[in-house]
Amino acid sequence: MTLAVSEVLSRAGMDSFLWNSPDGSTVMLLPYGGRILGLFSPESGVNFLWTHPALRSVETARAFYKSSAWHNSGGDRTWLAPEQEFFYPNNPRFEPYVQPPQLDYVKYETSATPKGVCMVNRQSIPMYASKATVQLLLTKEIAQADNPLPDLAPQLASELEYAGYTLTTTLSIENAGRGSPAVGTWNLLQLPHGGEMIIPTRSRATPVIYMGPIDADDLRVADNLVRYRMTAKGELKFGVLPGNSTGVVAYLYRTGDSSALVVRSFDVDPSGAYVDFPLHGTEDQGCAVQVCNIDSSLGAFSELEYHAPAIGGSTGALNGVDVSRVWAFRGPHPAILEAARHLVSSEL
């Protein structure tokens, strides 16, 4: 499947870049939109991430990229926060919603590095609420992520496929002094719809609703765990505040006779500036973790999202570096569930 998708993209005029990690993981990058489009274990050509169905054939891929629709190829993408600043050109009126072409409709400069691959995008982008234009340098470096499971449960690790990568995202404001508006990076994993998002928390969390309403039967909140079954129709989203995030979120889903677990680990600063809050919310509702259920005209996928603390604004910083790791496993469901207990929460 890896080579098939690469060939489809190439023949549709969208070249991809395959990187083989020293541990045998294969990462597929799409410079158009700066996306990590695929993640594959050495044992399988099945992608752990979701990709748009249009990429299944050359004809549909060509039509997709020539269309005026959002070119949401899938995979792992990096956007900017606050959403209110960058996605609503008529702010303070919150319609229409427009994906910034400076992020999703440009080809990132992509090159090999001693440790992996680097994608770079220099952009001048409007911030509609602040009535400002910022020039940003966004750099994404992909490198190896060691499998954490062998140190915790060696026998269990031997039963499961593994693939992973480390993503270092660096954001710099290039054209403004220390009074520039606050800007933060926002990384999103798009995953096959129909699974369950698992969010361990430091205490009992109160989910912050961004888009809803969310069915109470799908959302379970315990003292140190939030679980969300992602099978709903429509576009639904909630977040978890930084003070409650442990810096780990996982997604568990079935793939035929097997199950898959995708875990993202990232740094959280409870005193940091998390600037993406609900459209009609308040600034103290900026979340570090967000979960988005999509089954609409946009497609059917589940998003595991996290934010890094912003730079600019009152932070006084003009550069920010964020590091996250993606660990993905596939195998029999009981073994996958046990892996989730080791890596995510013992309460599962």
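Work out from phi, with θ = phi - 60° and the Karplus expression 6.51 cos²θ - 1.76 cosθ + 1.60, the ³J(HN,Hα) of each residue of region 299-305, listed in order in whole Hz, and give x for Gly and Pro.
Residue by residue, region 299-305 yields x, 10, 7, 10, 10, 9, 10 Hz.
Using all alpha carbons of region 77-236, what is the percent of pairwise distances in each 5 Å bin, ordered from the shortest bin to the longest?
Using 5 Å bins, I get a P(r) of 2, 7, 11, 14, 14, 16, 16, 12, 6, 2, 1, 0 for region 77-236.
Rounded to the nearest 0.05, what FRET efficiency do Arg202 and Asp284 have when you use their Cβ-Cβ distance and R0 = 25 Å?
0.90
Near Gly34, within a Cβ-to-Cβ distance under 10 Å, what is the net charge of the other residues, with Lys and Arg +1 and Asp and Glu -1?
+1
Starting from 0.36 nm per residue, how many nanometres of slack lie between Tyr97 and Glu59 once their C-alpha separation is accounted for?
Extending this stretch completely gives an extra 10.9 nm.
Tell me which label goes with the value of Cα extents along the principal axes in Å computed from the coordinates here: (1) 55, 50, 40; (2) 86, 58, 37; (3) 72, 52, 52.
Checking each listed value against the structure points to (1).
Sorting His52, His342 on the 10 Å Cβ count, fewest up front, what's the list?
Working: His52 21, His342 16.
With the fewest neighbours first, His52, His342 line up as His342, His52.
Using Cα centres only, tell me the gap between region 201-245 and region 8-44 in whole Å.
Distance between centres, Cα-based: 31 Å.
Gain in length, Asn175 to Gln123, computed as 0.36 nm per residue apart minus the alpha-carbon separation, to one decimal in nm?
Gain on stretching Asn175 to Gln123: 17.6 nm.
If you plug each phi of region 211-227 into the Karplus form 6.51 cos²θ - 1.76 cosθ + 1.60 with θ = phi - 60°, what whole-Hz ³J(HN,Hα) values come out, in order, with x for Gly and Pro?
9, x, x, 9, 4, 4, 5, 8, 10, 10, 10, 10, 4, 10, 7, 10, 10
Where Lys and Arg each count +1 and Asp and Glu each count -1, what net charge lies around Ser297 among other residues with Cβ under 12 Å from its Cβ?
After counting each charged neighbour, the total is -1.
Would you mind computing, in nm to one decimal, how far apart the modelled labels at Val321 and Asn20 are, each placed 7 Å from Cα along Cα→Cβ?
Spacing of the two 7 Å Cα→Cβ label points: 3.0 nm.
Using the charge dipole of the chain (Lys, Arg: +1 at Cβ; Asp, Glu: -1 at Cβ; taken about the Cα centre), state which of Thr201, Asn47, Ala340 has its Cα farthest towards the positive end.
Asn47
Can you give me the Cα centroid spacing of region 154-169 and region 296-348 in angstrom?
Here the two parts' Cα centres lie 14 Å apart.
Any chance you could list P(r) for region 176-250, counting all Cα-Cα pairs in 5 angstrom bins from zero, rounded to whole %?
Going out from 0 Å in 5 Å bins, region 176-250 shows 3, 12, 23, 23, 17, 9, 5, 4, 3, 0 percent.
Between Ala260, Ala12, Ala328, which gets the highest mean-square fluctuation from a Gaussian network model of the chain, Cα cutoff 10 Å?
It is Ala12.
How large is ³J(HN,Hα) for each residue in region 128-135, as worked out from phi by the Karplus curve 6.51 cos²θ - 1.76 cosθ + 1.60 (θ = phi - 60°), to whole Hz, x for Gly and Pro?
6, 5, 7, 6, 9, 10, 10, 9
Order by neighbour count: Ser25, Ser68, Ser314, fewest other Cβ atoms within 10 Å first, most last.
On the way: Ser25 24, Ser68 5, Ser314 10.
Taking fewest neighbouring Cβ atoms as first place, the list is Ser68, Ser314, Ser25.
Between rounded, prolate and oblate, where does region 57-167 land on the alpha carbon gyration tensor, with a ≥ b ≥ c its root eigenvalues, rounded for a/c under 1.5, else prolate if a/b exceeds b/c?
Taking the square roots of the gyration eigenvalues as a ≥ b ≥ c, region 57-167 is prolate.
Throughout, read-outs are computed from the coordinates displayed, never taken from laboratory work. Predicted, not measured: the structure shown is a model, and the values here were computed from it. Counting neighbours? That spans all protein chains shown, and the Cβs are built from the backbone with ideal geometry, glycine included.
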